[in-house]
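What follows is a short report on a single structure.
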Amino acid sequence: MEENIVESRSIRTDASEVIVRTFGYVVISIFALCCLLPFLLILGTSFTSESAIKKFGFNFWPKEFSTFAYKIVFENPDIIVGSYIVTILLTVAGTAIGLFLVAMTGYALQRPDFGYRNGISFFIYFTTLFSGGLVPFYLLVTQYLSLKDNYLAVLLPGLLSPFLIIMMKSFVRSIPHAITESAKIDGAGDFTIFLRLILPMTTPALATIGLFIALGYWNEWYNSMLFLSPNMEYRPLQLFLYNVVTSADFVRNSAAASNVSLRDVPLESMKMATAVVATGPVILFYPFVQRYFIKGITVGAVKG
């Protein structure tokens, strides 16, 4: 009798688990499709002729296939290649330096033998609630630091983020402090402990935080617009995309360089083509760090 009761409960549990899993897969699939469809629409539109867009509107599959928009975008390849190089250098340098600083700060703030950790943690958290505003920030960068038309004005503000520091602190807290104490007994210094023990054990968090920092630098355009004047030969890629979408001068110059009248310029498809050029590398890079991202994003979700 008891065996039949246990078996019936097991069947009900298996059935409910299947229902929950099926519902979860359906919801996630719908959400993933909603995220994927806009990019497919952009991709399809970028290969559509301007006349077809005006006649049929935006479509996932080109009504009239055309690569003319990409020809216009790459008419001056030096500009877009230079923008790519600037963005890649800023992303690589900012991610490497920022990841090291965030990891070191998070590690220091979770050390129970660090006496000022609560006060410093409060100041870091305080910046998430209040800020000095745009005008003091602009004056600080341009007047006091003299970084106008300097790539450091784009690099430095993105190195540290309160949210990422708190995330790193939460992850490092899951590492037993006894490891640090035993290493100190063996004569290891704080920096040696951090480099040789803590960093290798925080790979999921480092991958997650590194992805956040890298995406921040890759998509950065606001500080570039504030501190990098149009007189500079090369500016970050996203600012280049912003100028393509909003600047009529770029359209006129591209049309003149291609010997095309302004009315024949593929304005809509050119915007989509530029978006594809700007976002393509990120989409190709993301699958390589996805498993670390999923593991690291759940930091602190399970205790013990």
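The values are calculated or read from the model by the stated rules, or taken from the named source; none is laboratory data. Keep in mind that this is a model prediction, so the values were computed, not measured. Heads up, the Cβs are rebuilt from the backbone with ideal geometry, glycines too, and the neighbour counts pull from every protein chain shown. Heavy atoms of the whole protein, side chains included, go into the accessibility calculation; ligands, DNA and RNA do not. Shrake-Rupley method; radii C 1.70, N 1.55, O 1.52, S 1.80 Å.
Quick look at the values:
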read-out: Considering residues of the range 213-241 that are within 21 Å of the chain's Cα centre (by Cα) and open to solvent by 70 Å² or more (accessible area, probe 1.4 Å) only, the residue farthest from VAL81 (Cα to Cα); value: TYR222
read-out: Selection status of ILE85, in contact (Cβ under 8 Å) with a residue 24 or more places away in the chain and surrounded by fewer than 14 Cβ atoms within 10 Å (Cβ to Cβ); value: yes
read-out: Candidate set from the range 48-65 (those that are touching a Phe, Trp or Tyr at 6+ places or on another chain (Cβ under 8 Å) and farther than 14 Å from MET270 by Cβ); member that is least open to solvent (accessible area, probe 1.4 Å); value: PRO62
read-out: In the range 107-133, the residues that are among the aliphatic types (A, V, I, L, M) and without any contact (Cβ under 8 Å) to a residue 24 or more places away in the chain; value: ALA108, ILE120, LEU129
read-out: Residues that are modelled with pLDDT of 85 or more, open to solvent by less than 100 Å² (accessible area, probe 1.4 Å) and among the hydrophobic types (A, V, I, L, M, F, W, C), drawn from the range 1-31; value: VAL26, VAL27, ILE30
read-out: ASN76 being surrounded by fewer than 18 Cβ atoms within 10 Å (Cβ to Cβ) and within 30 Å of VAL276 (Cβ to Cβ); value: yes
read-out: Of all residues making up the range 127-139, the number that are open to solvent by 80 Å² or more (accessible area, probe 1.4 Å) and part of a loop (DSSP other than H, G, I, E, B); value: 3
read-out: Criterion: in a loop (DSSP other than H, G, I, E, B), modelled with pLDDT of 60 or more and not aliphatic (A, V, I, L, M) - qualifying residue of TYR234, TYR242, TYR286; value: TYR234
read-out: Residue count, the range 140-151 (criterion: open to solvent by 60 Å² or more (accessible area, probe 1.4 Å) and over 23 Å from the mean Cα position of the chain (by Cα)); value: 7
read-out: Hits in the range 192-212 (condition: closer than 25 Å to VAL282 by Cα, β-branched (Val, Ile, Thr) and either touching a His at 6+ places or on another chain (Cβ under 8 Å) or open to solvent by 20 Å² or more (accessible area, probe 1.4 Å) (or both)); value: THR203
